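Written out below as structure tokens is the structure these notes cover.
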Amino acid sequence: MRSIEYTCFGDVDVLTLAERNTPQPKGNEVRVKVAAAGLNPIDYKTRKGLGFVAGKIKAQLDDQVGWVPGYDIAGVVDAVGDDCRDWKVGDQVMGMIGFPLQGGAYAEYVITTPELLCQVPDNLDLIAAAGVPLAALTAWQALFEVGSVKEGDKVLIHAAAGGVGHFAVQFAKARGAYVIATASGRNHDFLYTLGVDEAIDYTRTDFVDACYGLDFVLDTMGGDVGHWSLGVLASTGQMVTVPTVTAEKIIKEGDKLGIKTAGLTVHPDQQALADIAELIDTADVQVHVDQPFPLEDAKKAHAELEGGHVRGKLVLTM
């Protein structure tokens with residue numbers, strides 16, 4: 001089978017198209033013939049040697065053992081182990097697999113376990129389905145597990161046109177929240193189709209001047225944006241900050257101000273993914289894929305993702 005791997009950290013040129021043996025499922029394992037793999041910012045950050053995953057896999061790379069990146073897959077079950085009862089050959093599935101240290105999604109076949117998979121909604125093709133798991137679970141867990149967004153809350157979502165952001169907008173609206181979004185002006189029409197109540201062009205307007213007394217902020221940017229966001233919350237408000245690099249400092253600052261502030265590391269959750277799939281199936285949530293790239297164009301896909309102006313999701317097709 002074909003896969004994308006790298007044996008050292010660096011720019012997009014470290015990504016190579018490789019041939020590997022097609023894995024065989026054992027016991028309770030499931031093999032998925034991958035139709036598409038989703039890309040997420042953690043993919044290029046790890047490739048560059050940044051973040052906790054890079055630190056953990058460095059020894060493997062030092063031994064010249066190739067690492068296959070990626071966590072999001074959608075495809076068709078094509079083989080199961082002798083003990084697997086949850087999935088059968090022919091099932092269309094999506095899931096976040098190998099998170100955080102195994103990876104493996106940038107490949108034509110993957111081996112995983114049943115609880116990491118969810119049935120693909122009938123109205124969603126496999127290419128779009130690959131863009132769902134990690135980003136949608138991040139948004140869901142930030143809003144409803146770490147956070148407690150509810151009907152009537154005033155919510156600010158940063159980078160709302162991106163992968164996590166465009167899901168968060170729709171989840172918050174589905175709960176009846178009033179949603180304010182930051183994004184460049186070119187994405188405002190897109191955001192209004194998703195249901196946002198107000199869109200702020202961060203290139204023209206300081207969101208700190210435009211917002212006050214909010215109930216919740218989803219900070220997908222970190223750094224200065226995260227620090228400034230604390231100032232737009234009500235005293236009873238809450239912020240969840242996603243980027244791990246700056247989370248500790250932002251949380252400490254929030255604690256000093258008496259603002260409930262938390263970080264988030266996404267985790268697999270089959271039930272939450274099933275709930276998300278139901279919202280997609282009932283057309284309450286749309287999945288937007290900005291551009292699909294063939295597997296052999298992984299370098300181009302990473303460069304596009306790293307550029308930071310993707311609307312929705314990027315995926316690699318097999």
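The values are calculated or read from the model by the stated rules, or taken from the named source; none is laboratory data. Keep in mind that what you see is a predicted model, and the values were worked out from it rather than measured. Don't worry about glycine lacking a Cβ; one is built from the backbone with ideal geometry, like all the others, and counts go over all protein chains shown.
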Scan segment 79-97 for residues that are farther than 21 Å from I280 by Cβ and in contact with a Phe, Trp or Tyr (Cβ under 7 Å, 6 or more places away or on another chain) and jot them down. V80
Report the residue count in segment 50-71 for those that are under 20 Å from N21 (Cα atoms), among the hydrophobic types (A, V, I, L, M, F, W, C) and not in a helix (DSSP H, G or I). 3
Number of the exception - A59 against (1) under 20 Å from the mean Cα position of the chain (by Cα); (2) without any contact (Cβ under 8 Å) to a residue 12 or more places away in the chain: (1)
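Just checking, does segment 27-42 include any residue being over 30 Å from G90 (Cα atoms), touching a Pro at 6+ places or on another chain (Cβ under 9 Å) and not assigned by TED's automatic domain parsing to the domain that holds V164?
Scanning segment 27-42, I find at least one residue that is over 30 Å from G90 (Cα atoms), touching a Pro at 6+ places or on another chain (Cβ under 9 Å) and not assigned by TED's automatic domain parsing to the domain that holds V164, so the answer is yes.
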Anything in segment 206-233 that is of a type in the set (V, I, T) and surrounded by fewer than 20 Cβ atoms within 10 Å (Cβ to Cβ)? List them, or say none. V208
K252 passes all but one of the listed conditions (1) under 29 Å from I4 (Cβ atoms); (2) assigned to a helix (DSSP H, G or I); (3) not assigned by TED's automatic domain parsing to the domain that holds Q119; the exception is number (1)
Does segment 290-298 contain at least one residue that is in contact (Cβ under 8 Å) with a residue 60 or more places away in the chain, surrounded by fewer than 20 Cβ atoms within 10 Å (Cβ to Cβ) and touching a Ser or Thr at 6+ places or on another chain (Cβ under 6 Å)? yes
The listed residue being assigned to a helix (DSSP H, G or I), within 23 Å of L116 (Cβ to Cβ) and not assigned by TED's automatic domain parsing to the domain that holds A174, out of E278, E304: E278
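Could you go through segment 276-299 and let me know if any residue there is aromatic (F, W, Y), in contact with a Gly (Cβ under 8 Å, 6 or more places away or on another chain) and modelled with pLDDT of 95 or more.
Checked against the condition, which is being aromatic (F, W, Y), in contact with a Gly (Cβ under 8 Å, 6 or more places away or on another chain) and modelled with pLDDT of 95 or more, segment 276-299 yields no hits at all.
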Filter result (aromatic (F, W, Y) and assigned to a helix (DSSP H, G or I)) within segment 196-219: F207
Which ones in segment 88-112 are over 25 Å from A18 (Cα atoms), surrounded by fewer than 17 Cβ atoms within 10 Å (Cβ to Cβ) and not basic (K, R)? V89, G90
